[in-house]
Amino acid sequence: MNRITPENKAKAEQLIDEIIQNSGAVGLAACIIDTAGNTEYELYRGVRDTASAEAPDGETIFGLASVTKSMTAAGILQLADAGRLSLNDPVSRYIPEFTNRHTETVTIAHLLSHAGGFFPQSRITVDMVQKSKDKEPAYDGQLTGDAVKLVAERLDALTAEHGLIGRPGEYFSYCNDGFGLLSEIIHRCSGSTSYAQRMHDSLFAPLGMTRTSMEFIAPANDENAAVLYRKKDGVLYGDRNYRDNAFALHGGGAAKSCMNDMKKYLGMWLNEGRSTDGVRVLSEYSVREAVKPRQPYDLCGTYGYGLSCRTCGPFRIFGHGGSLPGVSSNIAFCYDAGCAVIVLCNTSGIPVSAVSGILFRMYAGMDPEPERVTCTVPWPQTLIDAVCGTYASEEGTTVEIYRCADGSVGLREDGEEKTLITCGERTAIVRNPYTDTVVRPVFNETRGYYALLYGSRIIPRV
């Protein structure tokens, strides 16, 4: 369904170049493939390394960050296909370190859809846990053994009074720890030597993804790997430290890959579990289960198992994004349009989801510039009175809701004033340059307004 025209291609590339310039992206790779795996469009901008001025290409390794979660979900679903586990099994059956003592039973399915009921927690990282800095973290059994204890003990310590949002399955709130535990379930249930090895053997190798791994040291030493760039106090820094802020349990964000490999990976999702070469790695049933709506997500979207869903005109688009120091990534695929979009960038904080949306609209023959929420629905004064206050996440984000002089509601994130648009009587968005962040107060009769949905996280009230 390639409906790219010279006109919408020119406009799309102009919009993308503006995003790259205004957000400070150093190097960016993007492409569109069809269901047969053919490359319908490809774009490379900037450099993979400012020192060498070398441009990225199809073999350049980028970090994927949380795009990894879609791979972890696939790994769990493969084990379900093989009858080695059920998604309704308690997590504690495979991770006895997690006793589940302060809440109702948390299942594998709950973790796959970020519905375990946990408020966001600070990261337990590789550098916090690993004893030997020279050992490859992906295959370090001591690291993952120590990490799973720390993660499980922390989640077990959460109570209804402190740390639990609600019952398992009741709310969506993005949980990196949950996908960390899923990676350890893959390790233990598969009988493989590690999560990384299992993902190689069951997913990457069958799909021919020869430059994809969960490793940290090899990508850093690869001549055609992107240098990771981030800004601090307005100064651009770059290094090859793929361990920076990396989860000690790797299922939430450890994957590294290149554009040519990611075409094969997205081809598998487009073909409902079969590679474009005809290799079946995931059942059609499991693919349908992965994209099925499980939880409300973002403004009008949903979340399944390791994949979100949003709409664009008449199209449903499934995918995931990722962000780490020096990493901004996004994947998206659409059955009705018969295409997948991949965007990889070696710079922190780049709105690659906006780039992905522009490219999809271009391919579908639509105006590449997306429509954005403009309607305003004032919040009731009683709601503003009830929700004013400070909300703070263990991950480090602080949000303040306050009443403006004109009686409307305002928002600050980490002390910075944000443009808030109330677009429903209980919903608002923060207007960012290229994307919007959803805001919704969280209420029940017992606790009142006790939390705030901010983006993909539910943040507790201070």
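Could you say which residue among Y305, Y265 is closer than 30 Å to A82 by Cα, modelled with pLDDT of 95 or more and in a loop (DSSP other than H, G, I, E, B)?
Numbers: Y265 fails: in a loop (DSSP other than H, G, I, E, B).
The unique qualifying residue is Y305.
Being under 29 Å from A226 (Cβ atoms), part of a strand (DSSP E or B) and within 16 Å of the chain's Cα centre (by Cα) narrows it down to one of G322, G349, so name that one. Please lay out each step first, then the result.
Numbers: G349 fails: part of a strand (DSSP E or B).
From the options G322, G349, the qualifying one is G322.
Does L182 fit the bill of being buried (at least 24 other Cβ atoms within 10 Å of the Cβ), in a helix (DSSP H, G or I) and aliphatic (A, V, I, L, M)?
Details: buried (at least 24 other Cβ atoms within 10 Å of the Cβ): yes; in a helix (DSSP H, G or I): yes; aliphatic (A, V, I, L, M): yes.
Yes.
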Residue that is farther than 14 Å from A25 by Cα, at pLDDT 95 or above and of a type outside the set (D, E, K, R), where the choices are I331, I350:
I331
State all residues of region 371-394 that are in contact (Cβ under 8 Å) with a residue 24 or more places away in the chain, in a helix (DSSP H, G or I) and not small (G, A, S); if no residue qualifies, say none.
Q381, L383, I384, V387
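Are any residues in region 121-148 outside any loop (DSSP other than H, G, I, E, B) and either buried (at least 19 other Cβ atoms within 10 Å of the Cβ) or within 21 Å of the chain's Cα centre (by Cα) (or both), and if so, which ones?
Scanning region 121-148 gives T125, V126, V129, P137, A138, L143, T144, A147, V148.
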Against the conditions (1) under 18 Å from the mean Cα position of the chain (by Cα); (2) assigned to a helix (DSSP H, G or I), where does Y285 fall short? Just the number, please.
(1)
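Of all residues in region 194-221, count the ones that are assigned to a loop (DSSP other than H, G, I, E, B) and either in the same structural domain as D81 (by TED's automatic domain parsing) or within 24 Å of S275 (Cβ to Cβ) (or both).
First pass over region 194-221, keeping only residues assigned to a loop (DSSP other than H, G, I, E, B): 194, 205-212, 214-216.
Pick out the ones that are also either in the same structural domain as D81 (by TED's automatic domain parsing) or within 24 Å of S275 (Cβ to Cβ) (or both) and you get 194, 205-212, 214-215.
The qualifying residues number 11.
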Could you look through region 398-415, keep only residues that are exposed (fewer than 14 other Cβ atoms within 10 Å of the Cβ) and among the hydrophobic types (A, V, I, L, M, F, W, C), and pick out the one that is farthest from G357 (Cα to Cα)?
A405
Which ranges mark the helices (runs of 4 or more DSSP H) fully within region 1-120 that have 2 or more residues being more than 22 Å from the chain's Cα centre (by Cα), buried (at least 17 other Cβ atoms within 10 Å of the Cβ) and in the same structural domain as L344 (by TED's automatic domain parsing)?
6-23
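To keep it simple, each residue is scored yes or no on (1) in contact with a strand residue (DSSP E or B) (Cβ under 6 Å, 6 or more places away or on another chain); (2) in a loop (DSSP other than H, G, I, E, B); (3) free of Cβ contacts under 8 Å to residues at least 12 places away in the same chain; (4) exposed (fewer than 12 other Cβ atoms within 10 Å of the Cβ).
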| position | (1), (2), (3), (4) |
| --- | --- |
| E369 | no, yes, no, no |
| G396 | no, yes, no, yes |
| E417 | no, no, yes, yes |
| I421 | yes, no, no, no |
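The values are calculated or read from the model by the stated rules, or taken from the named source; none is laboratory data. Fair warning: this is a prediction, and the values are worked out from it, not measured in the lab. Cβ coordinates were reconstructed from backbone atoms using ideal geometry, including for glycine residues, and neighbour counts include every protein chain displayed.
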